[in-house]
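Inspection log for the structure reproduced underneath, given as structure tokens.
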């Protein structure tokens with residue numbers, strides 16, 4: 001492969017309105033690596049920063065990295081889009097089979113633009129590009145859609161990825177997700193609603209092509225070495241044993257687990273919903289993303305008796321700490337079966353369970369305080385009443401009335417209408433399952449995806465008691481850069497202990513990207529700044545972010561949250577982000593623009 | 001002589017490490033399918049996984065169907081051998097296989113399990129095993145075995 005060819009991305013740009021695809025060969029690998037960087041590059045090229053998220057011309061981007069398919073745990077896809085939740089440029093990451101399917105279909109990225117004339121599914125393979133009319137799937141839940149798409153878009157069974165939305169995506173919920181291969185999701189900031197706005201019910205990516213092996217003679221050995229590190233060293237133990245729910249008891253012990261809309265940070269009933277409890281009582285089996293031998297996906301079983309003559313319905317529900325927190329302690333639910341059943345209902349609607357659960361927790365407290373009534377909610381919402389909460393998930397997904405239409409846009413949107421903003425647990429978006437303290441609250445508020453995975457702030461809080469704004473912001477900025485490197489590659493973030501700089505250099509060199517092997521830090525930094533520039537260009541003002549009052553009322557292992565310190569952290573981190581997102585200087589010391 | 005058996009597929013997590021290893025190490029390909037073992041679900045990932053690979057039939061219908069002798073019964077038992085230079089890419093071997101174990105690549109070249117065992121080392125849960133060809137082995141183990 002020539003040096004010039006090594007810089008190129010192979011991108012399929014599909015226009016749903018015209019029903020036509022265009023193969024674009026674009027330069028830029030050396031500037032942005034792939035994944036997060038590629039998605040930003042493609043949004044710069046095809047996006048309309050000032051047009052609304054639902055403008056049909058807006059691109060929905062799926063991008064993979066240079067090592068996808070070639071090395072273990074390079075198993076994720078980055079979805080780039082303009083978020084209907086906050087109208088900012090956004091990213092979401094998912095695995096399943098999506099990344100390898102895109103690789104074996106022969107693309108570095110898929111960009112979908114336009115709006116189909118009727119509800120459609122896009123089928124993309126190495127020798128196939130087709131838009132199929134699926135108007136008859138309107139309103140279908142995520143799982144029914146998946147089952148039917150397997151028949152409608154036949155071919156490459158076992159070697160394809162099926163992306164689809166449920167009613168929530170069709171109804172434009174600000175936190176509608178895209179379900180990927182049943183157990184994974186492009187979640188949080190509304191990628192599913194963007195898909196719905198394009199009349200796109202599903203995308204089937206068939207990984208049915210053959211690609212040449214890397215020419216490097218050391219490839220097989222390097223693969224083997226990394227594979228052994230992943231499977232034999234024990235460093236992945238926490239992810240495939242109890243999985244992320246192993247966090248529940250330590251977080252509860254540290255007064256860092258949000259309970260009942262963050263009214264408390266610990267509770268004596270935590271053991272009922274611990275990772276151990278889930279594993280012992282409900283864990284059915286594990287699954288893996290394609291190309292990852294770790295198998296961190298934990299699938300639990302919900303067995304529901306639907307007839308008194310012992311007739312049962314079986315639901316298999318993937319669980320993790322975040323979904324469990326949002327359907328569990330945050331809603332006051334402590335029966336693991338009920339946690340999974342609520343999660344399952346949100347999943348069927350195509351709702352992001354973290355956002356939906358936290359938004360619903362606000363609604364329960366707003367009900368308690370008399371801000372909203374049963375006339376609004378149709379069911380009486382009470383902490384711990386799983387049946388009512390499950391019903392409410394269906395009502396959000398189906399945008400059942402004016403109240404649920406607002407709640408489906410986020411707790412803060414509903415609070416702006418009804419009141420109760422002080423106790424809406426929104427840090428940029430509905431909070432994740434860590435009430436660890438000032439660092440985390442400030443970080444999630446300002447950070448790029450408003451995700452707990454943007455930085456290691458949740459972990460920093462658990463280890464540091466001292467207050468030092470400059471030191472914390474320095475940590476956040478450095479930590480984000482390392483994570484962006486991995487999301488450009490696009491490695492699973494669970495693999496961050498494996499893919500250290502020297503390993504990344506070997507991987508890139510082995511794949512023929514010798515130049516990048518010596519400059520990937522600069523490329524990742526370039527991608528990071530491009531992402532921030534896009535977020536700011538689409539209207540984001542980090543300095544204007546605010547942390548709701550509820551987060552100042554929290555007590556952690558460090559004691560009551562220091563609101564003044566937290567605000568200083570937020571403001572300082574916002575300044576750092578504003579600087580990262582500033583237009584590139586002409587000074588050659590600055591990384592080049594994409 | 002040994003043959004390859006996917007004996008413990010109840011443990012499979014669907015990581016595809018085996019088929020990727022076969023493609024990489026045996027067929028010198030970066031692919032999910034140009035491989036002697038391929039993993040598929042049996043109707044969505046919640047329904048479990050199935051390994052598609054050569055069951056070492058004797059006599060082998062694929063070898064019988066081959067019009068050029070490119071695919072032939074392994075004399076020492078245990079599957080078939082493929083002489084690529086004799087293959088005319090007619091696809092008769094794949095059509096004759098009762099369990100769809102032979103994959104044809106885009107050019108019509110067959111890929112079939114050679115019972116070499118390179119994939120087994122990459123399975124994280126010991127789903128796969130090489131067993132003696134002269135000992136009858138059903139294509140399963142755990143699910144029908146009682147101590």
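The values are calculated or read from the model by the stated rules, or taken from the named source; none is laboratory data. Please read all numbers here as calculations on a predicted model, not as lab measurements. A quick note on method: Cβ atoms are made from the backbone with ideal geometry, for glycine too, and the neighbour counts reach across all protein chains shown.
Among the residues of this structure, residue B:67 does not count as one that is under 21 Å from residue B:6 (Cα atoms), part of a loop (DSSP other than H, G, I, E, B) and either within 18 Å of the chain's Cα centre (by Cα) or more than 14 Å from chain A (Cβ to nearest Cβ) (or both). Here residue A:366 does not qualify as surrounded by 23 or more Cβ atoms within 10 Å (Cβ to Cβ) and either part of a loop (DSSP other than H, G, I, E, B) or under 22 Å from the mean Cα position of the chain (by Cα) (or both).
Pick from A:66, A:52: which is within 23 Å of the chain's Cα centre (by Cα), within 29 Å of residue A:171 (Cβ to Cβ), at pLDDT 95 or above and outside any strand (DSSP E or B)? Selected residue: A:52, the only one of A:66, A:52 that is within 23 Å of the chain's Cα centre (by Cα), within 29 Å of residue A:171 (Cβ to Cβ), at pLDDT 95 or above and outside any strand (DSSP E or B).
Quickly run through the stretch B:1-14 and pick out the residues that are more than 19 Å from residue A:208 (Cβ to Cβ) and facing chain A (nearest Cβ under 8 Å). Step through it out loud before you land on a result.
Pass one, the stretch B:1-14, residues more than 19 Å from residue A:208 (Cβ to Cβ): B:1-13.
If the condition is that a residue be more than 19 Å from residue A:208 (Cβ to Cβ) and facing chain A (nearest Cβ under 8 Å), then B:13 is the only one that fits.
Within the stretch A:141-155, the set of residues being more than 8 Å from every other protein chain (Cβ to nearest Cβ) and without any contact (Cβ under 8 Å) to a residue 60 or more places away in the chain comprises A:144, A:145, A:148, A:149, A:151, A:152, A:153, A:154, A:155. Being in contact with a helix residue (DSSP H, G or I) (Cβ under 9 Å, 6 or more places away or on another chain) and under 22 Å from residue A:168 (Cβ atoms): is that true of residue A:364 here? Judged against the criteria, residue A:364 is a match.
In the stretch B:126-142, is there at least one residue being within 14 Å of chain A (Cβ to nearest Cβ), touching a residue at least 12 places away in the same chain (Cβ under 8 Å) and under 15 Å from the mean Cα position of the chain (by Cα)?
Step one: list which residues in the stretch B:126-142 are within 14 Å of chain A (Cβ to nearest Cβ), which gives B:126-128, B:142.
If we keep only those that are touching a residue at least 12 places away in the same chain (Cβ under 8 Å) as well, we get B:126-128, B:142.
From what's left, under 15 Å from the mean Cα position of the chain (by Cα): B:127-128.
So far as the stretch B:126-142 goes, yes, one or more of its residues are within 14 Å of chain A (Cβ to nearest Cβ), touching a residue at least 12 places away in the same chain (Cβ under 8 Å) and under 15 Å from the mean Cα position of the chain (by Cα).
Of the candidates A:416, A:421, the single residue that is in contact (Cβ under 8 Å) with a residue 60 or more places away in the chain and either surrounded by fewer than 21 Cβ atoms within 10 Å (Cβ to Cβ) or more than 26 Å from residue A:245 (Cβ to Cβ) (or both) is A:421. The residues of the stretch B:24-42 that are more than 7 Å from every other protein chain (Cβ to nearest Cβ) and without any contact (Cβ under 8 Å) to a residue 40 or more places away in the chain amount to a single one, B:42. Suppose we filter A:158, A:139 for residues that are modelled with pLDDT under 95, surrounded by fewer than 24 Cβ atoms within 10 Å (Cβ to Cβ) and on the phi > 0 side of the Ramachandran plot; which single one remains? Being modelled with pLDDT under 95, surrounded by fewer than 24 Cβ atoms within 10 Å (Cβ to Cβ) and on the phi > 0 side of the Ramachandran plot holds for just one of A:158, A:139, which is A:158. Of the residues in the stretch A:271-293, how many are without any contact (Cβ under 8 Å) to a residue 60 or more places away in the chain and either more than 14 Å from every other protein chain (Cβ to nearest Cβ) or not in a strand (DSSP E or B) (or both)? Adding up the residues that qualify gives 11. For the stretch B:111-126, residues that are in contact with a helix residue (DSSP H, G or I) (Cβ under 7 Å, 6 or more places away or on another chain), in a loop (DSSP other than H, G, I, E, B) and modelled with pLDDT of 95 or more total 3. Check the stretch A:204-221 and report whether any residue there is in a strand (DSSP E or B), in contact with a helix residue (DSSP H, G or I) (Cβ under 8 Å, 6 or more places away or on another chain), surrounded by fewer than 19 Cβ atoms within 10 Å (Cβ to Cβ) and within 11 Å of chain B (Cβ to nearest Cβ). Taking every residue of the stretch A:204-221 in turn, at least one turns out to be in a strand (DSSP E or B), in contact with a helix residue (DSSP H, G or I) (Cβ under 8 Å, 6 or more places away or on another chain), surrounded by fewer than 19 Cβ atoms within 10 Å (Cβ to Cβ) and within 11 Å of chain B (Cβ to nearest Cβ).
Is there a residue being modelled with pLDDT of 95 or more, touching a helix residue (DSSP H, G or I) at 6+ places or on another chain (Cβ under 7 Å) and within 14 Å of chain B (Cβ to nearest Cβ) anywhere in the stretch A:117-126? Within the stretch A:117-126, one or more residues are modelled with pLDDT of 95 or more, touching a helix residue (DSSP H, G or I) at 6+ places or on another chain (Cβ under 7 Å) and within 14 Å of chain B (Cβ to nearest Cβ).
In the same structural domain as residue A:117 (by TED's automatic domain parsing), touching a residue at least 24 places away in the same chain (Cβ under 8 Å) and farther than 18 Å from residue A:162 by Cβ, is that true of residue A:193? So residue A:193 fits the description; yes.
Here residue B:81 fulfils each of the conditions (1) part of a strand (DSSP E or B); (2) within 14 Å of chain A (Cβ to nearest Cβ) apart from (2). Just one of the numbered conditions (1) under 18 Å from residue A:94 (Cα atoms); (2) within 11 Å of chain B (Cβ to nearest Cβ); (3) in a helix (DSSP H, G or I) is not true of residue A:169: (2). Answer yes or no: is there a residue in the stretch A:305-321 that is closer than 30 Å to residue B:16 by Cβ, more than 14 Å from chain B (Cβ to nearest Cβ) and in a helix (DSSP H, G or I). Looking for residues that are closer than 30 Å to residue B:16 by Cβ, more than 14 Å from chain B (Cβ to nearest Cβ) and in a helix (DSSP H, G or I), one finds at least one in the stretch A:305-321, hence yes. Just one of the listed residues (B:51, B:107, B:101) is in contact (Cβ under 8 Å) with a residue 12 or more places away in the chain, part of a loop (DSSP other than H, G, I, E, B) and crowded, with 23+ Cβ neighbours inside 10 Å, and it is B:101. For the stretch A:570-589, the condition of being modelled with pLDDT under 95, touching a helix residue (DSSP H, G or I) at 6+ places or on another chain (Cβ under 8 Å) and not in a helix (DSSP H, G or I) holds for at least one residue. With respect to the conditions (1) within 14 Å of chain B (Cβ to nearest Cβ); (2) closer than 30 Å to residue A:449 by Cα, residue A:195 falls short on a single one, namely (1).
In this structure, does residue B:8 turn out to be more than 21 Å from residue A:75 (Cα to Cα), touching a residue at least 24 places away in the same chain (Cβ under 8 Å) and in contact with a helix residue (DSSP H, G or I) (Cβ under 7 Å, 6 or more places away or on another chain)? Spell out how you get there, then give the answer.
Details: more than 21 Å from residue A:75 (Cα to Cα): yes; touching a residue at least 24 places away in the same chain (Cβ under 8 Å): yes; in contact with a helix residue (DSSP H, G or I) (Cβ under 7 Å, 6 or more places away or on another chain): yes.
Taking the combined requirement at face value, the residue satisfies it.
Based on this model, can you work out whether residue B:90 counts as in a helix (DSSP H, G or I), free of Cβ contacts under 8 Å to residues at least 60 places away in the same chain and away from chain A (no Cβ under 14 Å)? Answer is no for this residue. Of the residues making up the stretch A:14-44, those that are surrounded by fewer than 16 Cβ atoms within 10 Å (Cβ to Cβ) and closer than 20 Å to residue A:531 by Cβ number 1. Of the numbered criteria (1) farther than 24 Å from residue A:151 by Cα; (2) more than 12 Å from chain A (Cβ to nearest Cβ); (3) at pLDDT 95 or above, the one residue B:97 fails is (1). Within the stretch B:110-124, if we keep just the residues that are within 14 Å of chain A (Cβ to nearest Cβ) and buried (at least 18 other Cβ atoms within 10 Å of the Cβ), the residue that is farthest from residue B:49 (Cα to Cα) turns out to be B:110.
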